[in-house]
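The values are calculated or read from the model by the stated rules, or taken from the named source; none is laboratory data. Predicted model only: the values in this text are computed from it and were never measured. Cβ atoms come from the backbone with ideal geometry, glycine included; neighbour counts cover every protein chain shown. Areas reflect the complete protein model, heavy atoms only, side chains present, ligands, DNA and RNA absent. Shrake-Rupley method; radii C 1.70, N 1.55, O 1.52, S 1.80 Å.
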Amino acid sequence: WVNGGEVFVAEGESQRITKFAVQNAQLVAQETLSFTSYGLTSLGFWLNAFASPTKAYLFNGAAEILVWDPTSMEITGTIPLPALPAPAGLQLMNGYSDRSAVVRDGRLYQPLYWADETFFEFGPRSAIAVVDVASNTLLATLDAPCPGLDYATQTENGDIYFSSWVY
């Protein structure tokens with residue numbers, strides 16, 4: 001993933017992110033950040049939202065958000081997500097942050113939805129977690145009467161539209 005002119009590579013099996021600088025048309029490894037002590041269910045940039053040069057949010061499933069600093073390569077905190085009751089046979093999923101998270105006016109908007117393990121059955125509703133980027137606090141979990149919200153767009157005037165994502 002590229003952010004702020006640097007390249008970040010997620011290593012799923014080792015649960016680490018390595019930052020690379022571009023020097024003389026070469027990628028040169030810089031710091032590495034380990035997430036092994038957090039019991040990640042998955043590690044990839046589809047679960048990560050960059051909010052600023054010094055702040056990123058990595059979603060550990062739908063249980064918590066790990067706050068980390070891409071500049072210093074340090075984990076700076078965690079934000080627990082509420083336990084939202086799931087419809088029978090479905091589990092809570094977070095939308096893929098690389099296509100569904102939006103940062104606007106100091107807030108991160110991240111959809112959550114219910115699906116089965118095949119992603120062919122969805123709950124009738126989704127939720128949108130709203131995080132205050134300055135304080136790293138969950139401000140609200142908005143109810144959205146639409147299944148599988150996993151894609152977001154933002155207009156020039158700042159309106160945010162969420163939609164479902166299909167293969």
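A single entry from Val133, Val67 fulfils the requirement of being under 28 Å from Tyr161 (Cα atoms) and under 12 Å from the mean Cα position of the chain (by Cα): Val67. Within region 82-99, the set of residues being modelled with pLDDT of 95 or more and hydroxyl-bearing (Ser, Thr, Tyr) is empty. A search for C-beta distances below 7 Å between a residue of region 29-57 that is within 10 Å of Arg16 (Cα to Cα) and any residue that is of a type in the set (Phe, Trp, Tyr) and surrounded by 13 or more Cβ atoms within 10 Å (Cβ to Cβ), counting only pairs 6+ apart in sequence or on different chains, returns Leu33/Trp68; Leu43/Phe35. Screening Asp98 on (1) open to solvent by 50 Å² or more (accessible area, probe 1.4 Å); (2) under 21 Å from Ser42 (Cα atoms); (3) over 15 Å from the mean Cα position of the chain (by Cα) shows it passes everything except condition (3). Of the set (1) free of Cβ contacts under 8 Å to residues at least 40 places away in the same chain; (2) on the phi < 0 side of the Ramachandran plot, all apply to Gly89 but (2).
Would you kindly identify the strands (runs of 3 or more DSSP E) lying entirely within region 1-43 that contain at least 1 residues that are aromatic (Phe, Trp, Tyr)? Give the derivation first.
Numbers: elements: 6-11, 16-23, 26-34.
It comes to 6-11, 16-23.
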